[in-house]
């Protein structure tokens, strides 16, 4: 099935995501696929990943994929050995064409980087570094189960600059149990002082099955008050805008021209290829999901097949829905002209009266023929987006 | 085998829930060979899933057992099962009427409970021979002597030869069979008299139509006979008569004293009313058997589909349930808040819950149930009497002379240390103290008159929790009594919600109103705007709460490229919303419509 599916894939996407399923230690809030790092695990994984790339290359024989964004995420890519990470980068070059203006991001944990490794990354073509700072205050870092201190974040940024990175993102989390508004504002100041080009600030979501969620459920930790988390969100928007960052997506802020191009592909509901366990792809009208567990992923590849566990044929309804809710994440909003071009209908034809109703409630607004969330709507984005769920009789 | 009446014994088992009725029935089936050991993996008599889950018997069944007694003779023993819940008292009385004797099973560690007592009295009213059995004597906590005394003192039965038994281990079960044979009198029917057979239950079979469970009292009933139902006057031609052993087995005829079934292409259980008499249309009996009455619902509630498009499906489902449940009553009604639905009448709360659960489980319907209401009688200033099964049918206050509500006389049995707690609860529920009797040294029987509306919902739960589970309850309707009752309305976002209106006692209305709006504040999720919730009597607002506007939902990550996950989350969010009813601008979850039930005065 996967093979024929690929042959009918005329438009090769130009974005690649690679999932590295290892961490030094899993953070307490995280429900992504990740395993404790081991060198045996690393070499098996690297071999599997290479095989996966080769299979994709073979299946689209005759054409070369040309990538304009690559994102190596995880997990913690930088917990791999320097040679291991280098091998992934070399293999990407062997199996894919790289566009000249390539955006090449690697995620890193401040506790796992060092000068030499960063220099090697930069030399091999990586030009964007995304550091998981998450918080500054040591209590909050501990609650999250991070392995590093704020001092290490500061140090990591300094070393990245020295290694030649001029495009750095810092990830932050707010609404952590025990975090105060003042603590959060203090953290934002410290992060701004590091002069990153990009900041992601996500509200903490307690995912079922994570230790942090269990601690809140059993009363060990007090969850962050809903109103406080909202205050923190608006405070972040105001503070970062004041510091010269553009609030270009619900949770993302960037200096002019430093938006994450890879993530913009997601938000524009474009195509991308995902490699590694639990990675996802969108190819034309199909969404693919890889085997989540590393052992299954490796076993399928060892048998010579792509490790795809789910293949969803997107209905036009769902494609439209996804385009809308992803587009609404952007501050510029959903481009209504592009929408009509893409689907041959206007948004109003698909969702009669809905936009008017939500605009009437001051949740959506139209600006320069883009539909976007209002400041009020940002806070209840999910509720607004859920209104666009296509009607299906179950 | 010959089937003369001398060798027939018809009996039922009277027991409190958990005192071991089903286990004993299983054991009787096993010993008489009606079922092999291998088939005994589950209790056979309770064959509805719901019954098994709740551990109670709702629908009756009858089983024919063949037993070779110690005297060397073969006997036919018909075991007629009885439902074990106060909602189904009339059905119990009809199955008792089909018997000559009853095995009274009392848990040797627990003693007699109120429900058991009520059923024993009913059995004595029907002149049944009672065989007391003290069960579970294998338990370490067993006190057979105390229980024996209790049977003598409380019921007034001679318990000197009560059988000590353990249905679980099989101890004493043969003795029970022997006593059934020797103490219960055989039927005394006249084979040559015109046919009189009592219908004590029925069920709907999709292939054969209604199967009526009958006890032949006089005459014979045969295949091909034209029969008449004496209460409804309907006539049918019999396709089959048979017995349950326990699987149905067709026989040529049923003679006096025999218990079995008939089917006659009857399409509706209404045609085979429990308690009705079957007679031969060609040679009818002069009079029906005594005791028939039409069952009247005690409790009404509104049933509405969450999706108004499911109205037709709901009606079809009710029609189908009705095939099997003659006591279910429903009529279309309309609510401003909930749209089109049905007003349904039930024998009691358990009956209501069963119907509701079956509609949701077996027919996949998504329902909103309004708070149950009893039937009030309103005497108007013009001298009319109006019966009201829905608070919204209450006339305007100016035209009301008085309002009467149904009253029950309730019996509670409880260890004496809990008497205070029970009395307090009964006072709280507007009860009138009637009587208190000591049963032996440790237990007390309390009698109260209580408004039915005060006990239909959670009275029993409270009784249990205040007595650490020791209390048992039985009640019967004892008429109507005038009371200071008013209609309380609830307004959400300024709009009256007819589905939340209730009739309450005036003195309790402020408290109820306050508690209800507080409860609703907790149940209705925060929405995009502030929502006031008010309770009102007439034009007077008696309580108010505000639901603050929701300001935020999850501001989470987009999970990298896993767009599907995000989409599913949004779909789930929307799905959750669909389970709510849109009333005006406000989305109200189903639980809110039942909120009024969970409001209490403590």
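The values are calculated or read from the model by the stated rules, or taken from the named source; none is laboratory data. Just so we're clear, the structure is a prediction, and the values are computed from it rather than from any experiment. FYI the Cβ positions are ideal-geometry reconstructions off the backbone, even for glycines, and counts take in every protein chain you see.
Just a few scattered comments:
Residues checked against (1) touching a helix residue (DSSP H, G or I) at 6+ places or on another chain (Cβ under 8 Å); (2) part of a strand (DSSP E or B); (3) under 23 Å from residue B:583 (Cα atoms):
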residue: B:301; (1), (2), (3): yes, yes, yes
residue: B:315; (1), (2), (3): no, no, yes
residue: B:321; (1), (2), (3): yes, no, no
residue: B:327; (1), (2), (3): yes, no, no
residue: B:337; (1), (2), (3): yes, no, yes
residue: B:342; (1), (2), (3): yes, yes, yes
residue: B:355; (1), (2), (3): yes, no, no
residue: B:358; (1), (2), (3): yes, no, no
residue: B:379; (1), (2), (3): no, yes, no
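- Evaluated against (1) closer than 25 Å to residue A:201 by Cα; (2) without any contact (Cβ under 8 Å) to a residue 60 or more places away in the chain; (3) within 25 Å of the chain's Cα centre (by Cα); (4) away from chain B (no Cβ under 12 Å), residue A:342 falls short on exactly one condition, (1).
- Residue list for segment B:561-583, filter: touching a strand residue (DSSP E or B) at 6+ places or on another chain (Cβ under 8 Å), at pLDDT below 85 and under 19 Å from residue A:318 (Cβ atoms): B:561, B:577
- Restricting the first member to segment A:101-125 and to residues that are closer than 13 Å to residue A:71 by Cα, and the second to residues that are surrounded by fewer than 18 Cβ atoms within 10 Å (Cβ to Cβ) and at pLDDT 95 or above, the beta-carbon pairs closer than 7 Å and six or more apart or on different chains are A:103/A:127; A:103/A:261; A:104/A:125; A:104/A:127.
- Filter pass, residue A:57 being modelled with pLDDT of 95 or more and in a helix (DSSP H, G or I): no
- Applying the condition of being at the interface with chain B (Cβ under 10 Å from one of its Cβ atoms) and in contact with a helix residue (DSSP H, G or I) (Cβ under 7 Å, 6 or more places away or on another chain) to segment A:351-362 and asking which residue is farthest from residue A:327 (Cα to Cα) yields A:362.
- Positions within segment A:91-123 being out of contact with any strand residue (DSSP E or B) (no Cβ under 8 Å at 6 or more places or on another chain) and more than 20 Å from residue A:37 (Cβ to Cβ), in sequence order: A:93, A:94, A:95, A:100, A:115, A:119, A:122, A:123
- Residues that are assigned to a loop (DSSP other than H, G, I, E, B) and within 14 Å of chain B (Cβ to nearest Cβ) were ranked within segment A:210-227; the one that is surrounded by the fewest Cβ atoms within 10 Å (Cβ to Cβ) is A:225.
- Hits in segment B:60-98 - residues which are under 18 Å from residue B:17 (Cα atoms) and without any contact (Cβ under 8 Å) to a residue 24 or more places away in the chain: none
- The set of residues from segment A:248-270 being closer than 30 Å to residue A:34 by Cα, more than 10 Å from chain B (Cβ to nearest Cβ) and surrounded by fewer than 23 Cβ atoms within 10 Å (Cβ to Cβ) comprises A:248, A:254, A:258, A:259, A:261, A:264, A:268, A:270.
- Restricting attention to segment A:375-390, the residues that are within 7 Å of chain B (Cβ to nearest Cβ) and either closer than 10 Å to residue B:571 by Cα or surrounded by fewer than 21 Cβ atoms within 10 Å (Cβ to Cβ) (or both) total 4.
- Checked against (1) free of Cβ contacts under 8 Å to residues at least 40 places away in the same chain; (2) surrounded by fewer than 19 Cβ atoms within 10 Å (Cβ to Cβ), residue A:347 meets all criteria but (2).
- Test result for residue A:69, closer than 29 Å to residue A:284 by Cα and buried (at least 22 other Cβ atoms within 10 Å of the Cβ): yes
- Of residues in segment A:1-42 being closer than 14 Å to residue A:56 by Cα and part of a loop (DSSP other than H, G, I, E, B), the one modelled with the highest pLDDT: A:14
- Residue in segment A:194-209 that is in the same structural domain as residue A:30 (by TED's automatic domain parsing), closer than 24 Å to residue A:245 by Cα and over 19 Å from the mean Cα position of the chain (by Cα) present: yes
- Conditions (1) away from chain B (no Cβ under 14 Å); (2) surrounded by fewer than 19 Cβ atoms within 10 Å (Cβ to Cβ); (3) closer than 24 Å to residue A:265 by Cβ: number failed by residue A:365: (3)
- Residue in segment B:202-215 that is in a strand (DSSP E or B) and more than 30 Å from the chain's Cα centre (by Cα) present: no
- Exclusive hit being in contact with a strand residue (DSSP E or B) (Cβ under 9 Å, 6 or more places away or on another chain) and surrounded by fewer than 21 Cβ atoms within 10 Å (Cβ to Cβ), set B:118, B:114: B:118
- Selection status of residue B:586, within 14 Å of chain A (Cβ to nearest Cβ), over 30 Å from residue A:200 (Cα atoms), touching a strand residue (DSSP E or B) at 6+ places or on another chain (Cβ under 6 Å) and at pLDDT 85 or above: yes
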